[in-house]
Ligand SMILES: Cc1ncc(COP(=O)(O)O)c(C=O)c1O
């Protein structure tokens, strides 16, 4: 056993891994990571959907290094620093209309907490509505609005005043062949949730425009417009959690752009700085004004190095037109995966937007989740040098979320490896 793995076993509290995969990553570049033995892996998970502009993107690294030589940290609650100002201005230009003021934190969960607190202060209301199958982070408030027992277990009871509405998950709904109807019914259900389960004191509805951890659930095109009508009738804010779907992942700078509605608060993290720790929530000036001096602070939030990296990252995305690349390569990958589906009944559904792609595996026509098979396929891919994620409420969705600079030959390699792993799992070797 390597020295690194030995130390992990003895000293690192991982909190998530069931078993530590015996690989020690040494370096990474573009869409590949390399272990300490020099073996290369094609990374089709991008560090959980983070390094959208590629591992160690040279322009991002150069910007971070230049900033490091000047200033790494300065107390964020009194002084002004240039990278924070420049990044906030940039976000105001690229965020959905009207969202021009940003608060910076360090992680997705932290930004979710800050956005929820702000929504309560602005509206003077206290409750939240979230979706089944959602995921918003591991802190207590974020878990309180997470609709997945798998993530919440052993941590409850959670915050009072949170209710859940059905997710527009057409494949597992009564309308598997009519996603639009599923979306309409799920939007309508929010009206019932308000009427029957709340105290008419709802500050905000929180949702991921494309649901990541829940299994890459893509709401149908009219869903959020219908939802917004309900929210507007009741004076409820819309918090869009774009921690995973933001920064070109779905073929738009932000996934909510696919739906033609503007959220009141946009929460971002992961892809914002290509791997440097940073998160943000961005809102309208009148909502931002609900935070009075002393209300909110994060010591490391808006770290100058992370902000400089984020600026270079976003510029790279614009110059290289990563939304277009994600759209094009994503369509190509989905088409190839759909081809595989024709000959393999284990693939229940292939779905996704841009390069946020999920393949849901099922054992039969009753859609019994093929959870063990999903894990076996992930392991099979790992043996072939391809990294993917496994997720979904039932742990049966293979997730392809590579860096958006991935090339077609690399996608071909990943899908060929997936086909081989699928074959092994579908037809176990005879003994
Ligand atoms: C949609 C969404 N929100 C929030 C989070 C939490 O982000 P973090 O792990 O940076 O706290 C995640 C993480 O996976 C996420 O996917």
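What follows draws every value from the coordinates through simple rules; no lab data is involved. Note that the structure is predicted; figures quoted are calculated from it, not measured. All Cβ positions, glycine included, derive from the backbone under ideal geometry; neighbour counts span all protein chains shown.
Using 1/(1 + (r/R0)^6) with R0 = 45 angstrom and r between the beta carbons of residue 4 and residue 100, what's the FRET efficiency to the nearest 0.05? Don't skip to the answer; put the middle values down first.
Working: r = 45 Å, r/R0 = 0.99.
For R0 = 45 Å, the calculated efficiency reads 0.50.
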Compute log10 of I(q)/I(0) for region 300-431 with the Debye formula, placing one identical point scatterer on every Cα and leaving out solvent, at q = 0.11, 0.13, 0.21 Å⁻¹, to two decimals.
-0.46, -0.60, -1.18
Approximate spin-label separation residue 154-residue 93, in nm, with each point projected 7 Å along Cα-to-Cβ:
4.7 nm
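Per-residue counts of other Cβ atoms within 10 Å, averaged by peptide: what ranking do you get for 400-408, 59-67, highest first?
Final packing ranking: 400-408, 59-67.
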Taking the Cα centre of each part, how many Å lie between region 371-411 and region 240-279?
22 Å
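Give the shape of region 4-124 as rounded, prolate or oblate, defined through the alpha-carbon gyration tensor: a ≥ b ≥ c are the square roots of its eigenvalues, a/c under 1.5 means rounded, and otherwise the shape is prolate if a/b is larger than b/c and oblate if not. Intermediate results must be reported in sequence, preceding the final value.
Details: a/c = 2.03, a/b = 1.59, b/c = 1.28.
Prolate is the answer for region 4-124, as a/c is 1.5 or above and a/b outweighs b/c.
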How big is the antiparallel share of DSSP beta bridges in region 58-319, given as a percent to the nearest 5?
40 percent
Which value in nm describes the separation of the simple spin-label points at residue 56 and residue 27, placed 7 Å from the Cα toward the beta carbon?
0.5 nm
Measuring from label point to label point, each 7 Å out along Cα→Cβ, what is the residue 364 to residue 201 span in nm?
4.7 nm
Indicate the gyration tensor shape class of region 133-199 (rounded, prolate or oblate), computed on the Cα atoms with a ≥ b ≥ c the square roots of the eigenvalues: a/c under 1.5 is rounded; otherwise a/b larger than b/c is prolate and the rest oblate.
oblate
Ascending count of other beta-carbon atoms within 10 Å, so fewest first, for 253, 149:
149, 253
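Do you know the relative contact order of region 58-319, to the nearest whole percent, from alpha carbon pairs under 8 angstrom that are 6+ apart?
Details: 524 pairs, mean separation 78.9, N = 262.
Relative contact order for region 58-319 comes out at 30 percent.
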For region 61-158, take the convex hull of the Cα atoms, compute a quarter of its surface area, and give me that in nm², please.
9.2 nm²
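If we sort 68-78, 382-392 on the protection proxy, mean other Cβ atoms within 10 Å, highest first, what's the order?
On the way: 68-78: 11.3, 382-392: 20.3.
Put in order of decreasing packing, that is 382-392, 68-78.
Would you mind putting 113-123, 205-215, 357-367 in packing order, based on average other-beta-carbon counts within 10 Å, highest first?
Values: 113-123: 22.7, 205-215: 26.6, 357-367: 19.3.
Output ranking for 113-123, 205-215, 357-367: 205-215, 113-123, 357-367.
Could you work out the relative contact order of region 13-162, using alpha carbon pairs under 8 angstrom and six or more residues apart, expressed as a whole percent? Please report the intermediate quantities before stating the final value.
Working: 126 pairs, mean separation 15.9, N = 150.
In percent, rounded to a whole number, it is 11.
Kindly identify the chain as rounded, prolate or oblate by the Cα gyration tensor criterion: order the square roots of the eigenvalues as a ≥ b ≥ c, call it rounded if a/c is under 1.5, otherwise compare a/b with b/c, prolate if a/b is larger, else oblate.
oblate
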